[in-house]
Structures are given as structure tokens and as C-alpha cells.
Amino acid sequence: MNKTGYFTHPDCRKHEMGPGHPECPERLDAIDDRLLVTGIGDALDRREAPLASVKDIELAHEKMHVAAMRGVGQELADDIAAGGRGYAQIDPDTVMNVHTWNASLRAAGAVLAATDAVMAGELENAFCAVRPPGHHACRDHAMGFCFFNNVAVGARYALDRHGLKRVAIVDFDVHHGNGTEDILAGDERVLMVSFFQHPFYPFTGAGAHAANMVNLPVPAYTRGMAVRELIEQVWMPRLDAFKPEMIFISAGFDAHREDDLGQMGLVEQDYAWITSRVKDIAKKHAKGRIVSSLEGGYNLDALGRSVEAHIRVLADL
Ligand SMILES: [Zn+2]
């Protein structure tokens, strides 16, 4: 039995934000291609992501926000029927097309289905190759390429639907997961640990914050070894003391030194190392349960190699 799941769906490719946008459908192809040429794909339990229900999305988001997204999706369908281009600008970086609503429900649905499978013991852990990403999506608005916060929805689902008492979130994207913080700050059932380039988009996370948020702002050009040291000193004792029953990973790979959207110096081996340290905590406290979901990562070649390194550790390959 393959103990690592791989959740994705063709709908996640159909969401696109216009020519030249870095958060592009080809990101998923780069990951898929890499898993194919390395043979790693064969060692994974590949599953189709279901659509998340609106009720489950509302575990982390205001009803008004969910209804607004659905409404824009319907307007876009009408616009296309009338001969329009079918794009709606949500913020300067974030655009919806007619497929975005479904893709967003698939992205969150992947995390929820992975959570179900891991909780049932069918899988030890899982990677969700999904887009749109989620960690900038706030309780009541979309931003920064994100519409619904896949990992925050997953964490609330694990707590509220599966009855877990403590869930950890590890966010290693180069950008601060401001949406996840917005949704889960003060929810003492959750511990979120992250590092992020600062000062940098979205310019949050470095000031005062809730006790359940472990934020490590680091300057541009910080390299992997320095990040590893910080993780060892700051994340690990907090995670160990928290004793999470399950761990979600906001797996952004844009802190890679070849990624032009960030200016940090991580390489594939750093992602492997971080994953193995998270896995140590999961093995000690959480029966190995990890659900990892794709966030950023925009250099397609580096993204493929980094996801490979991440999955190799998850699946013991
Ligand atoms: Zn990012």
C-alpha cells in the first residue's frame, strides 16, 4: 500500500489569471512532469480531489465572502455567454475566471479529502497539488492569488468535524500567511509556525501577534542554513510542547533561490530537511499525520525539484 496520497484535479488547471501571470496552470504540469520522470508518482496513492462543500468552506470564511465569490463566478459565466472575456479583477494580483469557483472548491476539497484519508488511517500523509493557493485568503476577502484558505479550512475541519483537540500548521512559503493568521489567531487549538521574508508582501506578521502564532520574519537573501537554525531553535520546541495530533503544511516553494518572486536562498535539500523535521514531530505526537498543500513556487523547474524533494521525505523514497 502506498502510504502517501497525492490529491489533485484537472479543474485546478482551468483557473487562470491571464497571460504572463506567475500563478499559472503550468505550475501543476511542472510538478506532475517531475513526478513522472523521476518515477516517484508510481509510489503515491493518486486520488481525485472532490469539491469542498460551502458549509465546510464556511468553517474558516464569512458567509458573505463565500457568497461573493460564487456570485462573481456566475457573473463571469453570464459575461462569457454575452461574448465577454470572462475575467474579474479581485485585487491588483488576483483575478477570477469562469473556472475559479470550481477550482477553489477542488483545492479546499483536496485538503479535506486528504484529512479524511489520513484520519481514517488509509494514508499516513498526503500532498495536495492544487491551485489556487490559499494562505493569503482572509476570513472575509480574497487576496494575493488566493480565494479560500485551503489549509485553514482543513485545520478547522480536523478540529470541528474529526474532533481533534490540537492541530499545527507549518508555513514555509516565502510570503507571510496573513490569511491563515487572520482566521486562526487566538484559536488556541491551533499552533501556526512560519518564517517569511520581511519586509515583503503582504507586509504583515512582524509586529505583535497572538500567542498561537510563531512568526519568524527574516531579511531578504537569508539562506537555508540560517533558516534551519531558526527552525531548530524556535519552531521545534514550540511544536514539541504543543503535541499536535495532526500537522498541515502550507507548502510554498518560492523561498527557493531560483524563484524570482522572493529573494531568499533555499534549495531543494532545505525543503527536504524542513519536511523531515516536521515529520519527526508528526511521528512523535500525531501518528505521522501530515497533510501538505501547495502554496507558492513560481520558477517551474525549481518548483518541480522542490516538490520532489518534499514528497520523497513524506513517502520515505
Ligand atoms: Zn508565496
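The values are calculated or read from the model by the stated rules, or taken from the named source; none is laboratory data. Note that this is a predicted model, so its numbers are computed, not measured. Note that we place each Cβ from the backbone using ideal geometry, even for glycine, and neighbour counts take in every protein chain shown. Calculation scope for accessible area: heavy atoms of the full protein, side chains included, ligands and nucleic acids excluded. Shrake-Rupley method; radii C 1.70, N 1.55, O 1.52, S 1.80 Å.
For segment 280-309, a residue qualifies if it is surrounded by fewer than 23 Cβ atoms within 10 Å (Cβ to Cβ), touching a strand residue (DSSP E or B) at 6+ places or on another chain (Cβ under 8 Å) and under 18 Å from Gly252 (Cβ atoms), and the qualifying residues are Asn299, Ala302. Pull up segment 144-167, narrow it to residues that are open to solvent by 10 Å² or more (accessible area, probe 1.4 Å) and part of a loop (DSSP other than H, G, I, E, B), then point me to the one that is farthest from the ligand (Cβ to nearest atom). Among those residues, the one meeting the criterion is Gly163. Hey, does segment 205-223 have a residue that's away from the ligand (no atom under 15 Å from the Cβ), under 22 Å from Val118 (Cβ atoms) and in a strand (DSSP E or B)? For segment 205-223, residues away from the ligand (no atom under 15 Å from the Cβ), under 22 Å from Val118 (Cβ atoms) and in a strand (DSSP E or B): absent. When the test is whether a residue is in contact with a strand residue (DSSP E or B) (Cβ under 7 Å, 6 or more places away or on another chain), in a loop (DSSP other than H, G, I, E, B), at pLDDT 95 or above and of a type outside the set (Ser, Thr, Tyr), His136 passes it. Taken together, the residues in segment 24-53 that are open to solvent by 40 Å² or more (accessible area, probe 1.4 Å) and part of a helix (DSSP H, G or I) amount to 9.
Just one of the listed residues (Ala103, Ala142, Ala113) is of a type in the set (Gly, Ala, Ser), in contact (Cβ under 8 Å) with a residue 24 or more places away in the chain and closer than 21 Å to Val190 by Cα, and it is Ala113. Every condition in (1) aliphatic (A, V, I, L, M); (2) open to solvent by 10 Å² or more (accessible area, probe 1.4 Å); (3) within 15 Å of the ligand (Cβ to nearest atom) holds for Ile249 except the one numbered (2). For segment 81-133, which residues satisfy the criterion of being among the small types (Gly, Ala, Ser), assigned to a strand (DSSP E or B) and either more than 11 Å from Ser293 (Cα to Cα) or open to solvent by 10 Å² or more (accessible area, probe 1.4 Å) (or both)? Within segment 81-133, Ala88 is the sole residue that qualifies. Of all the listed residues (Ser276, Ser306), the sole one being more than 16 Å from the ligand (Cβ to nearest atom) and among the small types (Gly, Ala, Ser) is Ser276. The listed residues are Arg228, Arg238, and the only one of them that is in contact with a Leu (Cβ under 7 Å, 6 or more places away or on another chain), of a type in the set (D, E, K, R), more than 23 Å from Asn150 (Cα to Cα) and assigned to a helix (DSSP H, G or I) turns out to be Arg238. Which ones in segment 189-208 are among the hydrophobic types (A, V, I, L, M, F, W, C), touching an Asp or Glu at 6+ places or on another chain (Cβ under 8 Å) and farther than 9 Å from His175 by Cα? Met192, Val193 - these are the residues of segment 189-208 that are among the hydrophobic types (A, V, I, L, M, F, W, C), touching an Asp or Glu at 6+ places or on another chain (Cβ under 8 Å) and farther than 9 Å from His175 by Cα. Being open to solvent by 10 Å² or more (accessible area, probe 1.4 Å), modelled with pLDDT of 95 or more and either not in a helix (DSSP H, G or I) or not polar (S, T, N, Q) (or both) is true of Pro202.
Among the residues of segment 107-125, those identified as more than 13 Å from Cys146 (Cα to Cα) and touching a His at 6+ places or on another chain (Cβ under 9 Å) are Gly109, Ala110, Thr115, Asp116, Met119. The selection criterion, being surrounded by 22 or more Cβ atoms within 10 Å (Cβ to Cβ) and part of a loop (DSSP other than H, G, I, E, B), does not hold for His141. For Ile274, the conditions (1) out of contact with any Leu (no Cβ under 8 Å at 6 or more places or on another chain); (2) in a helix (DSSP H, G or I); (3) aliphatic (A, V, I, L, M); (4) open to solvent by 20 Å² or more (accessible area, probe 1.4 Å) all hold with the exception of (4).
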